[in-house]
Amino acid sequence: MSSLAVGEPFTGSLPHPECWGTVGYLTEKEVTAFETLRATVKEAGLLEHYGDTLCLLRFLRARKFNVKKSFRMIQDDNTFRIPFRGRTFQLSDFASLLVMTDEEVVYQGGRDKEGRPVIYLRLANFFPSMVSSDEELVLFFVFYFSGLLQLAWERKREDFTVICDLKDWSFKNFSLPLTRLLINILQNYYPERLGRVFVVNMPMLFRGAWNLIYPLLDERTRCKIRIKKAAEGILETIDLDQLEDGYGGAHERWSCRDPIVSPLFQVDETPALSESGKIPEDDIEEGSDDDPTAVQFAKVVSPKSKKVSFSALIRLLKRGKVYNGTPRTKSEMQMTKSSYSTVEDGQLSVEEFETLRQQLDELKKTFTALESHNREMRAAIAQLKGKKFDKSDSPKESHIPFGLQMILIVVFAMQVLQVQLLIFGKA
């Protein structure tokens, strides 16, 4: 656990925007908020897991130093981690998902100039059919991030860098329910962990999916994502000897059996701990003396925490909700109860109908954007051919290829089906 002192209140201008809310750069109000949150966490009996200075500051930054919201977030985080504490992760827990590393969907390689570990995402290699269950996906996500953050902590870093390659990506590689699930976990239970995200080789179709994903991200997360001139940003952030040659670096392609997953395949070697012997207390510690192919999590459960079934927690996460076991109002209790139920008679509640309506509105905007982009392309082609393009052309009079029309229809229908599955909690 970090015993760093937050220091005296900082006055003056920040040397860099990223210094905001960090040790040594806290204003008087922020120092007071930190001390208040720490006292609140101690009173709740959660100091053992969340007493770390850097950990508390991450939750405060994520909620703009609102103590009440930060503490609520810590409660949610504690509830989320209860199912994993005391759990021994083995290869069989997510054997089918390890194909994502073998197929180079995700793998770690090298570090950036600040010491952050770099992970590569090749989303064109991912297919929703790879995920046999939401539970398996969450287990793999927690396991992989535990190892990734351990690598970061070896250099006294709390975050990591992502290179997201969208070359050859299409809607067949996209699932709205899975995307919502993972983004919700990342934002609510791994706050302030994204250091840099570079999106390269963005295809035209990704713009439609990005319109669905972008509103799910908080403001600070959006600022860390670089899409325009991403290649230049990569070279500014990562040294050539640490960067794959496919992205302008001098290193050959990193092994898909990265330092995080390779211990699972090494029966004669136990996963090594970091130099400090552990990772920040709000994350899951690794290491097992019993099973060399497994990862043992700390066997501690808060005395004031309430257990929530893993499947129920997954359903809430897929709906963009969090649950800390302590609803404070009657409406919250009713919402919590309805969130745990499944629709058996085919009838939608008011809340579910509103969610469906909002999702369909988002899909309509995406479909409209795709049509608009198609019209722009046709106008450009007509201009190149020396023909005048009439913007009042109706779809029947236009020259949209029949195949493209069918693709747009199929994409829209696929998204509607995914939303219906999301609402019913079966996707």
For the range 124-262, what Kirkwood radius comes out of the mean inverse Cα-Cα distance, in Å? 16.4 Å
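For the range 139-212, what class follows from the C-alpha gyration tensor (a ≥ b ≥ c being the square roots of its eigenvalues): rounded when a/c is under 1.5, otherwise prolate if a/b is larger than b/c, else oblate? All intermediate terms of the calculation are to be shown ahead of the outcome.
Working: a/c = 2.39, a/b = 1.68, b/c = 1.42.
It is prolate, given that a/c is not under 1.5 and a/b is the larger ratio.
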Please name which of VAL118, SER146, ALA62 has its Cα lying farthest along the dipole of the range 29-168 towards the positive end, using unit charges on Cβ (Lys, Arg +1; Asp, Glu -1) and the Cα centre as origin. ALA62
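Protein chains only, probe 1.4 Å: how do LYS156, LYS224 rank by accessible area, largest first?
On the way: LYS156 130, LYS224 40 Å².
Ranked from most to least accessible, the order is LYS156, LYS224.
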What percent does the relative contact order of the range 56-205 come to when contacts are Cα pairs within less than 8 Å and at least six residues apart? 25 percent
Relative contact order for the range 1-142: what is it in percent, counting Cα pairs under 8 Å that are at least 6 residues apart? 16 percent
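May I ask you to rank MET130, MET73, MET204 by accessible area, largest first, using a 1.4 Å probe over the protein chains only? Could the numbers behind the result be given before it?
On the way: MET130 35, MET73 5, MET204 110 Å².
From most accessible down to least: MET204, MET130, MET73.
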Can you pull the accessible area of THR36 for me, 1.4 Å probe, Å² to the nearest 10? 60 Å²
Which value, in Å² rounded to 10, gives the accessible area of VAL105 with a 1.4 Å probe and all protein chains present? 10 Å²
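Cα gyration tensor of the range 83-128, axes a ≥ b ≥ c as square roots of the eigenvalues: rounded (a/c below 1.5), prolate (a/b > b/c) or oblate? Mind showing how you got there, number by number?
Numbers: a/c = 2.83, a/b = 1.25, b/c = 2.27.
Oblate, since a/c reaches 1.5 and b/c is not below a/b.
Please compute the per residue accessible area over the range 107-190 with all protein chains in place, 1.4 Å probe, rounded to a whole number of Å². It would help to have the intermediate numbers written out before the result.
Numbers: 2460 Å² over 84 residues.
Result: 29 Å² of accessible area for each residue.
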Across the range 49-63, in residue order, what do the Karplus-derived ³J(HN,Hα) couplings come to in whole Hz, using 6.51 cos²θ - 1.76 cosθ + 1.60 with θ = phi - 60° and x for Gly and Pro? 9, 10, x, 5, 4, 5, 5, 4, 5, 5, 5, 5, 5, 4, 10
Calculate the FRET efficiency for SER255 and LYS167 from the Cβ-Cβ distance with a Förster distance of 25 Å, rounded to the nearest 0.05. 0.80
Filtered trypsin sites (Lys or Arg not before Pro), the range 30-82: DSSP coil and at most 15 other beta carbons within 10 Å: LYS64
What is the distance in Å between the Cα centroid of the range 158-211 and that of the range 1-52? 30 Å
Length-normalised contact order of the range 12-61, Cα under 8 Å, at least 6 apart, in percent, tallies to 37 percent
Counting only protein chains, not ligands or nucleic acids, how are ASP239, ASP93, ASP76 ordered by accessible area (probe 1.4 Å), most first? ASP239, ASP93, ASP76
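Excluding GLU244 itself, what net charge comes from residues whose Cβ is under 14 Å from its Cβ, given Lys and Arg +1 and Asp and Glu -1? Let's see the in-between values first.
Numbers: positive: ARG111, ARG122, LYS167, ARG253; negative: GLU104, ASP112, ASP165, ASP239, ASP241, ASP245, GLU252, ASP258.
That works out to -4.
The values are calculated or read from the model by the stated rules, or taken from the named source; none is laboratory data. This one's a predicted model, so the numbers in the text were calculated from it and none came from an experiment. As a convention, Cβ positions derive from the backbone with ideal geometry for all residues, glycine included, and neighbour counts pool all protein chains shown. In case anyone asks, the SASA skips ligands and DNA or RNA and just uses the protein heavy atoms, side chains included. Shrake-Rupley method; radii C 1.70, N 1.55, O 1.52, S 1.80 Å.
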